[in-house]
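Q: Dropping the structure in here first, questions after.
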Amino acid sequence: MRGVSTQSLIEVGKTAGQLGVKGSENILKFSGTMAKLETATDVAGEEGASSIARLLTITGEGVGIIDQFGAALVGLGNNSAATESEIVSVASEVARGTAAYGLQSKEILGLSTALKSLDVRPEAAGTAVAKVFRGIEKATLEGGESLNSYAKIIGKTSKQVVEDFGKSPQKSFTSFIGGLNRISKQGGSVAQALRDAGLSGETVSKGIVPLATNFEMLNDKMALSNKEFEKNTALNEEFDASTKTVNTAVADVIKSFTNLTLKTATAGSGLETLQTALFFVSDNMETLVVAAVAVSGAMLLMKAAIIASKIALFAYNVVMGVSTAITQTNKRALIQNAVAQGAYRVAMFLTTAATYLANSAFVALAISVIAATWPILAIIAAVVGLAYFFLYLDEIIAFFKKKFLESLILISKAFFKMVNFFKKFDFIDFFKGIGNAIITYFLSPIKNVLFLVSQLPGKLGALASVGLDKLNELEANFNFDRTGDESGVLPSSAQAASQQTTETIRDSNVRIDVRDKGGNVEKVFQDGTAIPISMQNTVGVLNYGS
């Protein structure tokens, strides 16, 4: 059973035995149903189990029908203004008050649910219902005016009242409440009708009057109780729904582990190795403890020997230092030192070997213990790991949710930035810029050459100057300049800048020296003082000077 521990079942079974439940089948059914009720409803503990067991004992049905009782109880609790524990409290009082009239548990549950839904206290409910049953019984036995009063309220003859009560006291009670309801609807006094039937008193009024004015509710609850009792599914459905939680899963893992380790027979199962290891440890505990103490003692002795050897070496080094400082030619001392060093090395070798053997023994012991107990260690590690995982499951989910949302926000921001970029991006201007760069790239070297040639005197310079002007006009007429409009004509500001650049170039001073092979100047072409000429284009800057 999901979420139900073995210990809780044992405790409920013990309670069942104390209450007189007999037979392993009945105890098992009682324990299982009570465990489901404790998980799915607010009916819990020894008190709830005792109330239900006594109720079923009073009705004479026994705990054999406890599963149907639980189904009817849960079905009523799910469809009423009363919890399951409140219904059981009222039902316990009603059952005691009607014990002599043979009511079934499903009838008591339906009646008790209606009373609790009308906020009638358990004691008042039990007393009021019991008085009505005893009143009808007394009237049928004595007859006379009292029987006539009940017959008048119920709306039947005195003989019919006697016959009905003999067949089913519960139906006679329901007919009596229905008669009071009819009187109320016809404008009569329910309280006066109760007094005429000898049922005066505040307790009866508090319990019966609400039922009389809500007779439809009583009928509905009685019908629902009977339906859920016969279906016998409501408790199982509620239990299944309530156990589909992470906490139940964690508890189930722990429960399964406990049940596994408590198994009485492990031969041939995966636990046989674990059982053998545990028995070995148990049977040889004294030997293991003595061995562990011996190994620990040996380790301590080895550590002490190593420390003593280090101290001796330190003292030896000090003496050697002093001896060397006093004399460096004492061969006898050197020979003695060599002998002492050899003895020290032998001692260190023996100490190291002993330490190695002790460590090996300790490691071997540890490996043997781990090899014998690894199954239980692995199971414990798995249980602890799962427990921590489910314990911090909410934090883990929250962490991944946070990271997911952060990533989603970043992606959204990047997407909207890209959208805004393309909204503002001018493809026409982009391709105009490309065209402008291409034209400028091809024309600029030609223009530079024509400019240099135009500075020469004669027809060649004049032709070059004309060619340069034509290229400038041609470039200006191309519709590839980003600052131009759709007509391909440069704006006035761009034209002015271009004109100023041309005039500046033409007004600059130029000097050209023509030299022979020996480096002698044959002819000088000069216009004013020789100065640098700066020409700028989209490709780069060219400087020409003397």
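The values are calculated or read from the model by the stated rules, or taken from the named source; none is laboratory data. Quick caveat, the model's predicted, so the values are computed rather than measured. With ideal geometry, Cβ positions are generated from the backbone for all residues, glycine too; neighbour counts draw on all protein chains shown.
Q: Scan segment 42-57 for residues that are charged (D, E, K, R) and under 35 Å from the mean Cα position of the chain (by Cα) and jot them down. Break it down into steps so the answer makes sense when it comes.
A: Looking only at segment 42-57, we keep the residues that are charged (D, E, K, R), and these are 42, 46-47, 54.
Matches in segment 42-57: Asp42, Glu46.
Q: Take Lys167 and decide whether it is of a type in the set (Lys, Arg) and buried (at least 16 other Cβ atoms within 10 Å of the Cβ). Give the derivation first.
A: Numbers: of a type in the set (Lys, Arg): yes; buried (at least 16 other Cβ atoms within 10 Å of the Cβ): no.
No; evaluated as a whole, the condition is false for this residue.
Q: Restricting to segment 52-81, name every residue that is surrounded by fewer than 22 Cβ atoms within 10 Å (Cβ to Cβ), of a type outside the set (Ser, Thr, Tyr) and within 18 Å of Ala40 (Cβ to Cβ).
A: Within segment 52-81, Asp67, Gln68, Asn78, Asn79 meet the criteria.
Q: Going by what's in this entry, would Lys167 be described as closer than 24 Å to Tyr101 by Cβ, outside the structural domain of Thr6 (by TED's automatic domain parsing), among the charged types (D, E, K, R) and touching a helix residue (DSSP H, G or I) at 6+ places or on another chain (Cβ under 8 Å)? Working first, answer last.
A: Details: closer than 24 Å to Tyr101 by Cβ: yes; outside the structural domain of Thr6 (by TED's automatic domain parsing): yes; among the charged types (D, E, K, R): yes; touching a helix residue (DSSP H, G or I) at 6+ places or on another chain (Cβ under 8 Å): no.
No; evaluated as a whole, the condition is false for this residue.
Q: Just wondering, is there one or more residues in segment 187-209 that are closer than 25 Å to Phe69 by Cα, without any contact (Cβ under 8 Å) to a residue 24 or more places away in the chain and either in contact with a Ser or Thr (Cβ under 8 Å, 6 or more places away or on another chain) or in a helix (DSSP H, G or I) (or both)?
A: no
Q: Of everything in segment 5-22 that's modelled with pLDDT of 80 or more and among the β-branched types (Val, Ile, Thr), which residue is nearest to Val63 (Cα to Cα)?
A: Val21
Q: Report, by residue number, each residue of segment 106-146 that is under 43 Å from the mean Cα position of the chain (by Cα) and among the polar types (S, T, N, Q).
A: Ser112, Thr113, Ser117
Q: Something else now. Do any helices (runs of 4 or more DSSP H) entirely within segment 219-321 hold 2 or more residues that are more than 23 Å from Lys36 (Cβ to Cβ) and either at pLDDT 75 or above or not polar (S, T, N, Q) (or both), and if so, which?
A: On the way: elements: 234-242, 246-261, 271-283.
Because the criterion is at least 2 residues that are more than 23 Å from Lys36 (Cβ to Cβ) and either at pLDDT 75 or above or not polar (S, T, N, Q) (or both), the helices (runs of 4 or more DSSP H) in segment 219-321 that meet it are 271-283.
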